[in-house]
Amino acid sequence: MSDLVPIGVFAEAARVTVKALRHYHALGVVVPARVDPATNYRYYRWDQLGDVLCVTTLRDLGTPLNRIKEHLVGGTPLHEVLAAERVRLRRRMAQAERALALLDALRDAPRLPDVRPDITERPDRVTLVLSGPAHADTIGHDAAALVDRLLDLAGRAGADTGAPVVGEYPLKLVDSFTVRVRLEVDHPPAGPLGGLRVEPWPGGRFARVVHEGPLDALPIAYHGLVRWLHEHRHHPTGPVFERYLDDPATTAAHDLRTEVLHRVR
């Protein structure tokens, strides 16, 4: 007992409340060095101050306690915990950016615009296809990175990268899913594809909304498209296609045009 201190003294040194230490104990994040079986008093070692400092620092960054526990109890290296937190924070930033774009698009309108699709017939097309994982919270960032890689590989293979790119997404989003991006080509390139696949994109009849504005405001187009499909008893199940008519690198965000398409029978 000579090297142990009671919870009150330890809380003062750690600059946390006694209640917080009891909470950390209950969750198994910072466990007392000893609990007196007769009095239930908790005692800590001075070297446990570093664990509490780790908890409070990461909590200030918004890190969930279960992830902190993975490091302190489960043995996960701190750099892995921090890398995961970096991903989580980027997802939150992407969510905030999408929300701001949507607010900008709606600020002059008292309600959602009444977007109504038209019907278009599309021919069969040959496409170069690349697939990759995406997350619902970072779908814009994940898809953009996939498009960049698609265009890079297509350019190396000798394909014309000036044609529209098409993103293929599930209509009903879940936490994690696969995104497919397509580059329309007249003929498959002669060079090595480097991970790309040559696939047909079957044509047919599509309901279409042409969205003008930032890509982050595309939910406005989806609102009109899905509503119309249900009203006309088309029972949408996906996938849904986003056909990017302009290059975001050379076109102002408010001038971007995107076709949002869903196949109809």
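No lab work stands behind these numbers, since they all come straight from the coordinates. Every value quoted in this text rests on a predicted model; they were computed, and no experiment measured them. Glycine also receives a Cβ, built like all others from the backbone with ideal geometry; neighbour counts cover every protein chain displayed.
Some notes on this structure:
- Within a Gaussian network of the chain (alpha carbon springs, distance under 10 Å), most fluctuating of GLY75, GLY140, GLY132: GLY75
- Cα Rg over Rh - the range 44-92, Kirkwood: 1.00
- Computed label-point distance, nm, for sites ARG59 and ARG15 using a 7 Å Cα→Cβ extension: 1.4 nm
- Residue-span extension gain [ALA163 to ASN66] - 0.36 nm each, minus C-alpha spacing: 30.3 nm
- For the range 10-62 versus the range 117-162, the inter-centroid distance based on Cα atoms is 50 Å.
- Packing-based exposure ordering (other Cβ within 10 Å, fewest first) of HIS235, HIS262: HIS235, HIS262
- Expressed in Å, the radius of gyration and Dmax of the Cα atoms of the range 150-240 are 15.7, 47.
- Using the Cβ-Cβ distance between ASP124 and ALA253 with R0 = 35 Å, the FRET efficiency computed as 1/(1 + (r/R0)^6) comes to roughly 0.65.
- Summarising the label geometry, the points placed 7 Å from Cα in the beta-carbon direction at LEU171 and ALA84 lie 3.5 nm from one another.
- The residues PHE241, PHE10, PHE177, when put in order of fewest to most other Cβ atoms within 10 Å, stand as PHE177, PHE241, PHE10.
- Gain in span if fully extended, ARG45 to ARG233, counting 0.36 nm per residue against the direct Cα distance: 60.9 nm
- Karplus-derived HN-Hα couplings along the range 245-257 (A = 6.51, B = -1.76, C = 1.60, θ = phi - 60°), whole Hz, x at Gly and Pro: 7, 10, 8, x, 6, 10, 10, 4, 4, 6, 9, 5, 10
- On Cα atoms only, tilt of 18-27 relative to the major axis of the chain in degrees: 60 degrees
- Estimated purely from DSSP H runs of n ≥ 4, each contributing -39500 (n - 2.57), the mean residue ellipticity at 222 nm for the chain is -12000 deg cm²/dmol once divided by its residues.
- Pairwise Cα inverse-distance average, inverted: Kirkwood Rh of the chain (Å): 22.5 Å
- With neighbour counts taken as other beta-carbon atoms within 10 Å, the residues GLU184, GLU242, GLU80 rank, fewest first, as GLU80, GLU184, GLU242.
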